[in-house]
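These notes are about the structure you will find just below.
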Amino acid sequence: MADIRVAPGEPALATPGFGTLLDSWRQIIATGNLPKGRAMDGVSRWLLITRACVFSMTLTSGLIGGLLAAATAGAPRWGYFALALLGLVIAHAANNMINDYFDLSGGVDTAEYTRALYAPHPILSGLITKRGLLAAIAAVNLADLAILAALVAARGWPVAAFALAGLFVSVFYVAPPLKLKHHGLGEPGVFVVWGPLMIGGTYYVTAGALPAWVWLASVPYALAVTTVLIGKHVDKYEQDKARGIHTLPVLLGRELSLRLNQAAMVAFYAIVLGLVVSGYLGVGVLIVAAALPRLRQVLRAYSQPKPASPPPGYRVWPLWYVSLAFYHNKLAGGLFVLGLALNAVFGL
């Protein structure tokens, strides 16, 4: 394997075997960090640069849109769906790199800031140069442009509207002059992107139409993703407040934001139930109830003080509340996808 390097701060090791490489990639996706003592290979490097550990949320949104189409559309086009899903993941990678570039350029990301503490910052950790990161951003956006052109040719201008709206939020989330995150608009932006835009857009690409009820069906998972961002901003509350970054938790206050996140997690289940009772979704999605024990666990942890130090083996300290929200998101979102698959397969 080419491009074998040593993880920052670690001694040089022999070239890892393929099994070790697979385990490194798995752990990076699970924790956002290369296991200690492991050599840095090319795949691990790009998984870290693009923050692939959070791609599961984008994959889930895309799958929700496709499965909704599978259950209700007459002739879903799975080739278009696959292309759209690939485009969404590439766009998420671009979004993460854009955020890191502009936060570093704007003086937000430093060696002492939370972003550089829980996982390697692409530039500050030496994974890539500033010019290299710009080149990577340009490359992935060009790839997405090619995908967009193909889907617009197949499905028409609405595909471009979905994509450009998502790109607008992605770029101006941290880029001047808007800096949405700095004015309490980052969280609403994430809700819109990972819900109506991703889910609605994937449905449209797959089905060729977009019924109004799909917007409603996008709300539960949009909320679940937004809880992850709110949790992250609660974890960075003190630093963001000191820097004048007015995220939603900074505007609302730490305690109110924790209660808001708890309410949003509970609302996920209430809205899913409402969509089933109203006939918009089949009963298969009620399988999300299997995540209620995890919900109780996370709600309980949100009601307790953050530990003074990380638990043994915890890899993303000083983050805490975002990890809890993501822990809930992965199971609740995965079960929602499974329930939609049951609806599609069995015609529920």
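The values are calculated or read from the model by the stated rules, or taken from the named source; none is laboratory data. No experiment lies behind these values; they were computed from the predicted model shown. FYI the Cβ positions are ideal-geometry reconstructions off the backbone, even for glycines, and counts take in every protein chain you see. SASA here: full protein model, heavy atoms, side chains in, ligands and nucleic acids out. Shrake-Rupley method; radii C 1.70, N 1.55, O 1.52, S 1.80 Å.
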Task: Simple Cβ-charge dipole of region 51-177, Lys/Arg +1 and Asp/Glu -1, about Cα centre, in debye nearest 20 - done: 280
- [ ] Identify, among Val214, Trp157, Ala119, the residue whose Cα sits farthest towards the positive end of the charge dipole of the chain, taking +1 on the Cβ of Lys and Arg and -1 on the Cβ of Asp and Glu, with the dipole about the Cα centre.
- [x] Ala119
Task: Accessible-area order (highest first, 1.4 angstrom probe) of the listed residues Trp215, Trp157 - done: Trp157, Trp215
Task: Principal-axis tilt of helix 292-302 within the chain, Cα atoms, nearest 10 degrees - done: 40
Task: Euclidean distance of C-alpha centroids, region 177-255 and region 300-323, integer Å - done: 22
Task: Per residue value of the accessible surface for the chain (all protein chains in place, 1.4 Å probe), Å² - done: 42
Task: the chain: angle of helix 157-172 to the longest principal axis, Cα-based, in degrees nearest 10 - done: 30
Open item on the list: Place a point 7 Å from Cα of Ala209 in the direction of its Cβ. Which residues in region 134-165 have their backbone N less than 19 Å from it?
Closed with: 154-159
- [ ] Using only the alpha carbons of region 11-155, determine the length spanned along each of the three principal axes and report them from longest to shortest in whole angstroms.
- [x] 57, 39, 23
Task: chymotrypsin sites (Phe, Trp or Tyr not before Pro) within region 86-141, DSSP loop, no more than 13 other Cβ atoms inside 10 Å - done: none
Open item on the list: Can you tell me how region 160-295 classifies by the Cα gyration tensor, rounded, prolate or oblate, using a/c under 1.5 as the rounded cut?
Closed with: oblate
Task: Candidate values (1) 1.46; (2) 0.99; (3) 1.34, label of the one derived for Cα Rg over 2.2 N^0.38 Å - done: (2)
Open item on the list: Taking θ = phi - 60°, what integer Hz values does the Karplus form 6.51 cos²θ - 1.76 cosθ + 1.60 yield along region 125-141, in sequence order, with x for Gly and Pro?
Closed with: 8, x, 5, 7, 7, 4, 5, x, 5, 4, 5, 5, 4, 4, 5, 5, 5
Open item on the list: Can you tell me, using C-alpha contacts under 8 Å and at least 6 residues apart, the relative contact order of the chain as a whole percent?
Closed with: 19
Open item on the list: Tell me the angle of helix 198-207 to the major Cα principal axis of the chain, expressed in degrees between 0 and 90 and rounded to the nearest ten.
Closed with: 50
Task: Positive-end residue, region 222-348 charge dipole about Cα centroid, Cβ charges, pick of Pro249, Leu281, Ala264 - done: Pro249
TODO: With +1 on each Lys and Arg Cβ and -1 on each Asp and Glu Cβ, and nothing else charged, work out how big the dipole of the chain is about its Cα centre, in Debye to the nearest 20.
DONE: 340
